[in-house]
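The values are calculated or read from the model by the stated rules, or taken from the named source; none is laboratory data. Just so it is clear, the model here is predicted, and its values are computed rather than measured. FYI the Cβ positions are ideal-geometry reconstructions off the backbone, even for glycines, and counts take in every protein chain you see. Protein only, heavy atoms only, side chains kept; ligands, DNA and RNA dropped before computing areas. Shrake-Rupley method; radii C 1.70, N 1.55, O 1.52, S 1.80 Å.
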Amino acid sequence: MSVRTLPLLFLNLGGEMLYILDQRLRAQNIPGDKARKVLNDIISTMFNRKFMEELFKPQELYSKKALRTVYNRLAHASIMRLNQASMDKLYDLMTMAFKYQVLLCPRPKDVLLVTFNHLDAIKGFIQDSPTILNQVDETFRQLTDTYGSLSAGEFQLIRQTLLIFFQDLHIRVSIFLKDRVQNSNGRFVLPVSGPVPWGTEVPGLIRMFNNKGEEVKKTEFKHGGNYVSAPKEGSFELYGDRVLKLGTNMYSVNRTVETHMSAASKNLTSQTQENITPNPLAKEELNFLARLMGGMEIKKPSGPEPGFRLNLFTTDEEEEHAAQSRPEELTYDIINIQAIQDQQQKEELARIMGEFEIKEQPRQSSSKGDDLLAMMDEL
């Protein structure tokens, strides 16, 4: 497992979240000023400097529930609110989109180009906000510094870590089904055509060499695909042609997007027990959440501006039906964090909790892990 995977996972999932929210804000005819405020607030929070510093520290990936908690917090960083069913659908769409992109990356290193495509699109949302643009550009530089010198083997380990994270998710998405890149069981269809990875040759030729390294024979074979050479390598610079289209906004044209649980996902009850079995990494996950959320500055709405509810479904009735029909084992219970009164941990908790609502609950504890566990309403 790579300890350099979390920033790529978070930024790409966050990019997909912004694509979906932008599409739904337009579909529900939310006034332009409110829609811009929502996206600006979420992007500003997402790329907060302290938050990014915590994110880029080498660390293992944690459970889907832990990450889901961070995105729930992030999605509500502005005046917009989502019901549980809409948040579930949002997270399903985010994860399946990025899983598809990771699967189709020609080279493991190209996951970085996918990330840059997301950042390029995010900058398009905030063209009129130079301060937030600078935050995104600073994150781009952090990505370049962190991943620019990694070997192909290290990128392969990152890709493997991502695929392990996604391996049990087989949620059907209408866009993928209509484009015939996903089967009815929720599994993706890998293409046997198109450009080969940059730096490689089109398959179909076997070369044989002698012990002196001299080519002595060539043999051709039929590969059954329709491959072509890659025209050029995508740019890893701040501004440039990424060439790769994975990670661009597939919602830029209005399309109705639905999600459905596949039979395979519904039968994962015995395998996916995060919500009903005690997690052996509970203390570590809580520390992870506390560090991340401590760096996430949530701006409270100023003035009398009212909030609004965003629905990721076509109607309220569809949203209610989705909430009632979703399998319990696939519903993510949000982890609530509360501050506690502990003299020895006062300064640490003040740093971690930031803008969180504080409810006084005096407790006695014997270790830092126990103190942090006490901050959670439920696991």
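Summary of values
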quantity	calculated
Backbone HN-Hα couplings from phi across region 181-196 [Karplus 6.51/-1.76/1.60, Hz, Gly and Pro as x]	9, 9, 7, 5, 8, x, 8, 7, 9, 7, x, 10, 7, x, x, 7
Residues with amide H under 5 Å from that of residue 77, placed H, sequence gap 5 or more	none
Accessible surface of region 103-148, 1.4 Å probe, proportion on carbon and sulfur as whole %	49 percent
Residue pairs, from the table 64/99; 50/123; 37/64, whose Cα atoms sit over 22 Å apart	37/64
Relative packing of peptides 209-217, 160-168, 96-104 - highest average C-beta neighbours within 10 Å first	96-104, 160-168, 209-217
Cβ-defined net charge surrounding residue 206, 10 Å radius [Lys, Arg +1; Asp, Glu -1]	+2
Rounded to 5, the percent of DSSP beta bridges in region 182-244 classed as antiparallel	65 percent
Accessible surface, region 141-186, averaged per residue in Å² (probe 1.4 Å)	50 Å²
Beta bridges by DSSP in region 113-228, antiparallel share as percent, to the nearest 5	65 percent
